[in-house]
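Enquirer: Supplied in structure tokens, the structure appears directly below.
The values are calculated or read from the model by the stated rules, or taken from the named source; none is laboratory data. Because the structure is predicted, anything quoted here is derived from the model rather than measured. All Cβ positions, even for glycine, are placed from backbone atoms using ideal geometry, and neighbour counts span all protein chains on display. Quick note on the areas: whole protein, heavy atoms, side chains included, nothing else; ligands and nucleic acids left out. Shrake-Rupley method; radii C 1.70, N 1.55, O 1.52, S 1.80 Å.
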Amino acid sequence: MPEFVDGRLDAPKLRPIVAILVIVASWFFLLAQLKGAGVVIRALVGTPYWVGVVAVGVLVAANLSAGGMRGITFVQGFQFFFIFLGILVPFAVISVLWLNDSDVTRDFALIDDSYPTFVEETVVTYERDITIDVPADVVATVDGTLDGAVETGSVLIGEGRHDIGLGTDITWPAGSEAPHAATVDRLTGDAWAEPLGDKSLAGGHPLYFSLAVLLANVFGIMGLPHIVSRFYTNPTGRESRRTNLWVLALLAPYYAMLPLFGALGRASNPELLGNGATDSATVAVGSGLLSGVGSDLLTSVIAAGAAAAFLSTASGLLIAMAGALSHDIMQAGVPQFRFAVWLGAAVSIGAGMLVESFDINVLIGWSTSIAASSICPLLVLGIWWPGLTRRGATAAAVIGGGASTAAALITMFGVVERGWSFAVLSTPAVWSVPLAFATGIIVSLRDRDKVADIGHKMALLHLPERAATVEPVES
């Protein structure tokens, strides 16, 4: 991206600004991957959350230091098949069980007018201090801290909110309605599945939330650094476009399968609603539906896909960050690139330990909003509008990227927590994307310092590649 804006606008001073935006957008997305690593490894092995964060951060940094972009390109292509199989295989198994009305799935109603209920006696371990809402009085076995008191044995837990201490085990009886974290809506299956129902999304504004997420994804993924960089690892523009088409064709069924895991996780593993571990729903589905060897096999396949996902994505993100830092800010070579890799990994690992309470989709939403409000306008306007100037591009990047980053940080530190102020800051794409585009266009129209030789630059961007190979005819 820094090279693109420099070549398109003759703006070397804009390179470090764009490099910073690349680093910021990548960093939020990388935090989501490290959060996923901590959650998945804890669910599988039982280690503390921080172990997964550190292990994956160090592993990815070591891999990048040894292999660079070429090595990571092949690694990511290989890992994709694990990611796809990690969803496709369990999807097929679950679908067969449901279609055949198996005894395994007969107890679970995906979407009905009831609340999630424990089908059998369930032991829930609370991995962090958390406040839960208990829907009705229930006698449960407690081993740990409940409402500030150490309890051991059967306890009557009354309806309402209760504080659960780190490391507490509670055995909930079969047939009882599942408690839920105080930050999670208590909804029936019908209400949960209603697209724009009465939910607390974005401070109670689900329609705004949906539009903001759609805008962030449509425009943000277009500008995410670790995705844009993939176009440069194809030998020709034609191959790049073919790759893009194949990726879209493969991603569509992948994303189409995911809602089933959300619905099954809610039905078969209701304990996740109460211990703040909803991000591990996909991994937990296998143990909730099957038992014995079948459960182990299904969970292993899902875990392999999850591990491939956060390793592959973290690699692409960290290499984008390190490249921007070493090449465009430090203006150095390969040794400094390796230093930038470990510096980026160290900072991200430290921050990754602090985001355990944030949902993965929230962290990714901030990343896509920042990319949509800064990098995407530079790409779209730079490629398709000859009138973009240096000052216009700088204003769009700084104002759009700065506003969306500030909104994410304000939300991250809990300055606002509810209402419209929370909605517009926690999911800023609705206003930050138009702001960036409008700023770039208005400033460029008023700027008299136009880019030189713009016709030649636009021709290089849009003419077929074969035109560049035609030898000029001498007169």
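Enquirer: Condition first: small (Gly, Ala, Ser), farther than 26 Å from Thr427 by Cβ and either free of Cβ contacts under 8 Å to residues at least 60 places away in the same chain or open to solvent by less than 20 Å² (accessible area, probe 1.4 Å) (or both). Can you find one or more residues in the stretch 255-265 that meet it? Reasoning before the result, please.
Expert: Residues of the stretch 255-265 that are small (Gly, Ala, Ser), as a first pass: 256, 262-263, 265.
If we keep only those that are farther than 26 Å from Thr427 by Cβ too, we end up with none.
No.
Quick grid of which residues meet (1) open to solvent by 50 Å² or more (accessible area, probe 1.4 Å); (2) acidic (Asp, Glu); (3) under 27 Å from Leu297 (Cβ atoms):
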{"residue": "Val119", "(1), (2), (3)": "yes, no, yes"}
{"residue": "Ala140", "(1), (2), (3)": "no, no, no"}
{"residue": "Ala149", "(1), (2), (3)": "no, no, no"}
{"residue": "Thr152", "(1), (2), (3)": "yes, no, no"}
{"residue": "Val155", "(1), (2), (3)": "no, no, no"}
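Enquirer: Using the structure shown, decide if Thr243 is in contact (Cβ under 8 Å) with a residue 24 or more places away in the chain and open to solvent by 20 Å² or more (accessible area, probe 1.4 Å).
Expert: Numbers: in contact (Cβ under 8 Å) with a residue 24 or more places away in the chain: no; open to solvent by 20 Å² or more (accessible area, probe 1.4 Å): yes.
Here the answer is no, as Thr243 does not meet what is asked.
Enquirer: Here's another thing I want to ask about it. Gly86 versus (1) under 30 Å from Leu251 (Cα atoms); (2) open to solvent by 20 Å² or more (accessible area, probe 1.4 Å): which is the lone unmet condition?
Expert: Exception for Gly86: condition (2).
Enquirer: Out of (1) in contact with a Gly (Cβ under 7 Å, 6 or more places away or on another chain); (2) touching a residue at least 40 places away in the same chain (Cβ under 8 Å); (3) closer than 19 Å to Ser287 by Cβ, the odd one out for Ile41 is which?
Expert: (2)
Enquirer: Right, here's the next one. In this structure, is Leu248 surrounded by 15 or more Cβ atoms within 10 Å (Cβ to Cβ), at pLDDT 80 or above and within 25 Å of Ala32 (Cβ to Cβ)? Full working, then the answer.
Expert: Numbers: surrounded by 15 or more Cβ atoms within 10 Å (Cβ to Cβ): no; at pLDDT 80 or above: yes; within 25 Å of Ala32 (Cβ to Cβ): yes.
When the stated conditions are applied, Leu248 does not pass them.
Enquirer: So which residues in the stretch 290-332 are touching a Phe, Trp or Tyr at 6+ places or on another chain (Cβ under 8 Å) and open to solvent by less than 20 Å² (accessible area, probe 1.4 Å)?
Expert: Once the filter is applied, which keeps residues that are touching a Phe, Trp or Tyr at 6+ places or on another chain (Cβ under 8 Å) and open to solvent by less than 20 Å² (accessible area, probe 1.4 Å), the stretch 290-332 yields Gly305, Ala308, Ser312, Leu317, Met321, Ala322, Ser326.
Enquirer: Does Val56 satisfy the criteria of being in a helix (DSSP H, G or I) and farther than 17 Å from Ala345 by Cα? Even if it seems obvious, please write down each step before you answer.
Expert: On the way: in a helix (DSSP H, G or I): yes; farther than 17 Å from Ala345 by Cα: no.
When the stated conditions are applied, Val56 does not pass them.
Enquirer: Hey, among the residues in the stretch 432-452 that are open to solvent by less than 60 Å² (accessible area, probe 1.4 Å) and part of a loop (DSSP other than H, G, I, E, B), which one's modelled with the lowest pLDDT?
Expert: Per the criteria, the residue is Val451.
Here's the yes/no breakdown for (1) aromatic (Phe, Trp, Tyr); (2) at pLDDT 90 or above; (3) over 20 Å from the mean Cα position of the chain (by Cα); (4) surrounded by 17 or more Cβ atoms within 10 Å (Cβ to Cβ):
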residue	(1), (2), (3), (4)
Glu3	no, no, yes, no
Arg8	no, yes, yes, yes
Pro16	no, yes, yes, no
Ala19	no, yes, yes, yes
Val24	no, yes, no, yes
Phe28	yes, yes, no, yes
Ala43	no, no, no, yes
Val53	no, yes, no, yes
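Enquirer: Which of (1) under 30 Å from Pro48 (Cβ atoms); (2) touching a residue at least 40 places away in the same chain (Cβ under 8 Å) is the odd one out, the single condition Ala140 does not satisfy?
Expert: Against the list (1) under 30 Å from Pro48 (Cβ atoms); (2) touching a residue at least 40 places away in the same chain (Cβ under 8 Å), Ala140 comes up short only on (2).
Enquirer: Within the stretch 60-78, track down each residue that is within 26 Å of Val247 (Cα to Cα), modelled with pLDDT of 80 or more and open to solvent by 40 Å² or more (accessible area, probe 1.4 Å).
Expert: Start the filter on the stretch 60-78 by keeping residues that are within 26 Å of Val247 (Cα to Cα), which leaves 60-61, 63-64, 67-78.
In the following step, the residues that additionally are modelled with pLDDT of 80 or more were identified as 60-61, 63-64.
Of everything in the stretch 60-78, just one residue is within 26 Å of Val247 (Cα to Cα), modelled with pLDDT of 80 or more and open to solvent by 40 Å² or more (accessible area, probe 1.4 Å), namely Asn63.
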